[in-house]
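Chemist: This structure is in structure tokens; I'll ask about it shortly.
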Amino acid sequence: MTKALVSAPPFDFRAGKAALLVSMPHVGTEIPECMAGRLSAACEPLGDTDWHLPRLYDFAAGLGASVLTARYTRFAVDLNRPPDDAPLYATATTGLHPDILFDGTPAFKPGQDLQEAERAGFLEQVWRPYHGRIASELERIVAAHGYAILFDAHSIASEIPRLFEATLPEFNLGTADGASADARLTERLASVLREAREYRLAVNGRFTGGYITRRYGRPDERVHAVQLELAQRTYMNEKAPYDYVPARAERVRPFLRGFVEAMLDWGRGHGA
Ligand SMILES: [Zn+2]
């Protein structure tokens, strides 16, 4: 029997009635007890978190989507990486149990990295339950509606020289280079985001979709997965304390709402 490393359920989940599951794997800010005091000073503010997404997308549940949000920090285990930790990108990246921040600085104090048993424990007690819920919820949605859409919601700092050049476009839509969703859905979603003239859009640019998008997007089986990597400057202060900036957020939220509504509308027309 493996020792319990986490004391609370590893996710929050709210089931909806529509054919859409919204997943937020990087919003967790709780630090498991065994990691207390071990993160480096640079990592302690949890700067690589996808901050405030539940608040930014707080309309999703009201539109009928099921919503799944991670509780624990990605420095315990990254839910958007494969369980065998195969590299997701040919360029620089971070792994299943990140030991560095996006900018390359150590995530843990010297000698305080996760032990093998801790890594295995987080995989079993955090990663597997989250993925189990994605799988069972998609299965339930397909049984109920004949198809399902999975939206994996992310956000990231606008400039991370180690990971990408220059300043990231505001909207980065990823469908595993077209493999994870019907092309008509992707085009419809892209057209909604293009209407936001003050923002730039990249489709399958630097961010083509992480493990979740690639793993669950099976258009042939009527499961369509899309990722949106949103530049954090659209709604928050990108430096600590990483606060939500309502004036910015209220400018982008109508487009995000339109984006989610377009998923629901498209499914009703084409998904079944
Ligand atoms: Zn993310």
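The numbers here are math on the coordinates, done by the rules we state, and not lab data. Just so it is clear, the structure is predicted and the values come from calculations on it, not from any experiment. We place every Cβ from the backbone using ideal geometry, glycine too, and count neighbours over all the protein chains shown.
Chemist: On average, how much area does the Cα convex hull of region 11-269 cover when viewed from any direction, in nm²?
Modeler: Average of the hull's projected areas for region 11-269 equals 12.9 nm².
Chemist: Indicate the gyration tensor shape class of region 1-121 (rounded, prolate or oblate), computed on the Cα atoms with a ≥ b ≥ c the square roots of the eigenvalues: a/c under 1.5 is rounded; otherwise a/b larger than b/c is prolate and the rest oblate. Could you put the intermediate results ahead of the total?
Modeler: Values: a/c = 1.85, a/b = 1.62, b/c = 1.14.
Since a/c reaches 1.5 and a/b is larger than b/c, the shape of region 1-121 is classed as prolate.
Chemist: If you take every DSSP beta bridge fully contained in the chain, what fraction is antiparallel? Give it as a percent rounded to 5.
Modeler: About 35 percent, rounded to the nearest 5.
Chemist: Okay, next question. What do you get for the angle between helix 128-145 and the principal long axis of the chain? Use alpha-carbon atoms, 0 to 90 degrees, nearest ten.
Modeler: 10
Chemist: Quick check: from the Cα gyration tensor, does region 117-182 come out rounded (a/c under 1.5), prolate or oblate?
Modeler: Cα axes put region 117-182 in the oblate bin.
Chemist: Separate question: Work from the charge dipole of region 50-99 (Cβ charges, +1 for Lys and Arg, -1 for Asp and Glu, about the Cα centre) and give the residue of Pro82, Gly62, Thr93 farthest towards its positive end.
Modeler: After comparing all options, I get Gly62.
Chemist: Take the alpha-carbon centre of region 200-272, take the same for region 74-127, and report the distance between them in whole Å.
Modeler: 24
Chemist: Using a Gaussian network model on the chain with a 10 Å cutoff between Cα atoms, which of Leu46, Leu189, Leu163 fluctuates the most?
Modeler: Leu163
Chemist: Name the GluC sites (Glu not before Pro) in region 121-170 that are in a loop by DSSP and that have at most 11 other C-beta atoms within 10 Å, would you? List each step's numbers first, then the result.
Modeler: Values: sites: Glu124, Glu137, Glu139, Glu159, Glu165, Glu170; in loops: Glu159, Glu165, Glu170.
Those satisfying the criteria are Glu165.
Chemist: Then there's this: Which ordering of Thr69, Thr167 is given by a fewest-first count of other beta-carbon atoms within 10 Å? Mind dumping the intermediate values first?
Modeler: Numbers: Thr69 21, Thr167 11.
Ranking Thr69, Thr167 by Cβ neighbours within 10 Å, fewest first, gives Thr167, Thr69.
Chemist: Can you list residues whose amide H is under 5 Å from Val22's amide H, if they're 5+ apart or on another chain and H is modeled 1.01 Å from N?
Modeler: Sorted by chain and number, the residues that satisfy this are Ser66, Val67, Leu68, Phe151.
Chemist: Same structure, new question: For every helix of n ≥ 4 consecutive DSSP H residues, a contribution of -39,500 (n - 2.57) applies; sum these over the chain, divide by its total residues, and give [θ] at 222 nm rounded to the nearest 500 deg cm²/dmol. The partial results should precede the final answer.
Modeler: Numbers: 6 runs with 68 residues, N = 272.
-7500 deg cm²/dmol, from helical runs alone.
Chemist: Could you work out how far helix 246-266 tilts from the main Cα principal axis of the chain, as a 0 to 90 degree angle to the nearest 10?
Modeler: So the helix axis and the longest Cα principal axis differ by about 60 degrees.
Chemist: Next up: Within 10 Å of each candidate Cβ there may be at most 11 other Cβ atoms; applying that plus a DSSP loop requirement, which GluC sites (Glu not before Pro) in region 198-272 survive?
Modeler: Filter output for region 198-272: Glu198.
Chemist: Continuing with the same structure: Taking only Cα atoms, what is the 0 to 90° angle, nearest 10, from helix 183-194's long axis to the longest principal axis of the chain?
Modeler: That works out to roughly 80 degrees.
Chemist: Return a whole-number percent for the relative contact order of region 77-186, with Cα pairs under 8 Å and 6 or more residues apart as the contact set.
Modeler: It rounds to 23 percent for region 77-186.
Chemist: Taking the chain as a Gaussian network, where each spring joins two C-alpha atoms under 10 Å apart, which residue of Gly210, Gly111, Gly95 fluctuates the most?
Modeler: Greatest mean-square fluctuation among the candidates belongs to Gly111.
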